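Coordinate-derived values only; no laboratory data. Small disclaimer: the values here were computed from a predicted structure and weren't measured. Every residue, glycine as well, gets a Cβ built from its backbone with ideal geometry; the counts of neighbours run over all protein chains shown.
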Amino acid sequence: MPIVEKSLVRVDRTEKLELEGIDVSGDWNTFLRSRVWTDLDVKVADWVRAQPGGDTIDRCWQCGTCTAGCCMHTDFGLTEFNPRYFIYLAQIGYEEELRRYAHTIWRCVSCNKCVERCPKGVKVEEVVHTIGSYLERTGAAPESPADRFDRAYTENLLNRGILDEAALFRTYERLEGRKTPTRELLRMGLALFTSGRLRTGPFAHRTRGWGKMREVLRARLEEETRQRRVPVPKPPVGAGGGR
Amino acid sequence: MSASAGRGPSDPVPAYYPGCSLDGLGKAYEVTCQQVLDRLGLSLDRIVDYNCCGATEVKNLSEDVSVALPARNLALARSMDRHQVVAACNGCVYSLARANDAVQGPATRDRVNAMLTQGGAPAYDGSASVQHVLEFIYQRAGPDRVRAAVRRPLAGLTVAPYYGCLYTRPKRYTGAGKTPGTDDPEHPHFLDELLVACGAKIVPEFSAKTICCGGGHALSDLEVSVAFSASILNEATRAGADLVATICPLGQINIENHLDRVRAAYGPEVIRPVAYFTQLMSLAFGASVREARLADNFSRPDSLLRARGFP
């Protein structure tokens, strides 16, 4: 694993200084003690950059416009949801800190206000999703509910070309081990049925001549899923575990 | 950069992309869209054998599939010899416009076209432009023609116009704000103007206009999607609205799907009925509450409107 050392504070060393007969030699021009991180890993940014959704990560210059308008950060009030910071951590490769947000990053709702406002053309929403999938693919984050939904959604869609909304609902509830009360289901089902909107299973809409397209798209989906697997680096020989 | 470089040629009758919602849960939206377009003398030509666009979900799993799905529909529109595609769902507008941006890259375009051809669809060159049906109505008919078509003004009705997130966002895909016929991405106003032309009153300030409804996580993150639905209803109530008008089936369905949860958390006084803008326009154009399919909506705007004297 490549190790990058980066000092956060540049110390201006004043080796010797005497003021009115008093020796005040020392480290001046700084209020912080010098810290050196030794666990930064450029692999994170390299992986994110190599993904189709992450290719704009290097454009970010950390202005924070994305976070300022982010609906998860401001409207929902989840202040630890901070896309600027996620990008920063990925850029410098501070994986340990990034992992602290493993249970947060997936919650982006894709409203795209960040992409709309970014002055540098960073596709923030896609970069954030890519950082999230980095964490999942390295095993640092569990598969998120949103990820399970994306998968169920995509499989459902690829099946007939047109989404079977009711079937997706059922599949997803099963995946999450959740059960909407029967009374609520009946109420919704009845309303949909009487207005002719309950078309599911054999009655669902389908795209004519979809069969070939389905195969092509499924093959591509599998290939991309394979490609996105992050190779987990082997621990160095004799590593005692932990720093 | 075709998406941001301006719209291409304008079709007398653009292609219409229904997407999954308008053929499913959002049927009332499609039916009333048609009523409104008919009354305004506008037509759209439906893309037959379309497929779903992939919304914001597929791209998290596969870039190429997320571009190929909408690109197939745009290619079908081009094979109908149309340069313009109109969609009524914000999610569709987003993913169609995003595909347009993606196929500007030659490598992506070649890969996607190889997939399309292999799957038996025409190839796509990125030459179709995408427009939301609200923008289409505004651009082709505008408030003046809408006003002239009104038979029963929505007098006494105060409406909160809710645009949602992906109507014009992000402009790098939609070209919004800098292309003729597009709305402003930060301060959209087309819906406000059309509803006023129908005789409705618009709430003076509706700060939830373009916030997210949380629809993408409607099932996977209830806490968030309920909170956003509640914000929209809360803000509409605070601003004095009788009902909320939507332009997106995802927004409509997400808010309505969470009504019980919002009611339990915030009390019944923040609940307002929610209706597609075309249902309201159709009503103003003379349709009955039944014809505008207002009883389809879970939030039951039909009761309110009947009480206000609409037949």
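Of note:
- Anisotropy class of the stretch B:176-246 from Cα gyration tensor, a/c 1.5 cut: oblate
- The charge dipole of the protein assembly as shown, taken about the Cα centre with unit charges on the Cβ atoms of Lys, Arg (+1) and Asp, Glu (-1), comes to about 1480 debye, rounded to the nearest 20.
- Using θ = phi - 60° and Karplus 6.51 cos²θ - 1.76 cosθ + 1.60, couplings along the stretch A:49-59 (whole Hz; Gly, Pro as x): 4, 6, 7, x, x, x, 5, 9, 4, 6, 6
- Kirkwood-type radius of chain B, with distances r between different C-alpha atoms, in Å: 19.5
- Beta-bridge orientation, the protein assembly as shown: approximately 30 percent antiparallel, per DSSP, counting only bridges with both partners inside.
- Order of A:LEU198, B:LEU76, B:LEU166 - criterion: other Cβ atoms within 10 Å of each residue's Cβ, fewest first: A:LEU198, B:LEU76, B:LEU166
- The HN-Hα couplings worked out from phi for the stretch A:97-110 by the Karplus form 6.51 cos²θ - 1.76 cosθ + 1.60 (θ = phi - 60°) are 5, 4, 4, 5, 9, 4, 9, 10, 4, 5, 7, 3, 9, 6 Hz, whole numbers, x standing for Gly and Pro.
- Taking a Cβ cut-off of under 10 Å around A:ARG151, the surrounding Lys, Arg, Asp and Glu residues balance to a net charge of -4, with basic ones at +1 and acidic ones at -1.
- Summing Lys and Arg as +1 and Asp and Glu as -1 over all other residues whose Cβ lies under 12 Å from the Cβ of A:PRO202 gives a net charge of +2.
- The trypsin sites (Lys or Arg not before Pro) of the stretch A:169-222 that DSSP puts in a loop, and whose beta carbon has at most 12 other beta carbons within 10 Å, are A:ARG178, A:LYS179, A:ARG208.
- Helix-derived mean residue ellipticity, 222 nm - over chain B, DSSP H n ≥ 4, -39500 (n - 2.57), to 500: -13000 deg cm²/dmol
- Qualifying GluC sites (Glu not before Pro) in the stretch B:195-304, DSSP loop, other Cβ atoms within 10 Å at most 14: B:GLU205
- Unit charges at the beta carbon, dipole of the stretch B:152-307: most positive-side option, B:GLY214, B:TYR266, B:PHE190: B:PHE190
- Relative contact order computed over chain B (Cα-Cα under 8 Å; 6+ residues apart), in percent: 20
- Sparse-neighbourhood loop sites, trypsin sites (Lys or Arg not before Pro) in the stretch A:95-164 - DSSP loop, at most 15 other Cβ within 10 angstrom: A:ARG100, A:LYS120
- Around the amide H of B:TYR16, modelled in the peptide plane, lie the amide H atoms of B:ASP45, B:ARG46, B:ILE47, B:VAL86, all under 5 Å away and 5 or more residues distant in sequence or on another chain.
- Kirkwood radius, the protein assembly as shown, all distinct C-alpha pairs, inverse of mean reciprocal distance: 24.9 Å.
- Counting only aspartates and glutamates at least 8 places from A:LYS43 when in the same chain, those with an alpha carbon closer than 18 Å to its own are A:GLU5, A:ASP55, A:ASP58, A:GLU95, A:GLU96, A:GLU97, A:GLU136.
- Placing one equal scatterer on every Cα of the stretch B:152-307 and applying the Debye formula, the log10 ratio I(q)/I(0) at q = 0.10 Å⁻¹ is -0.34.
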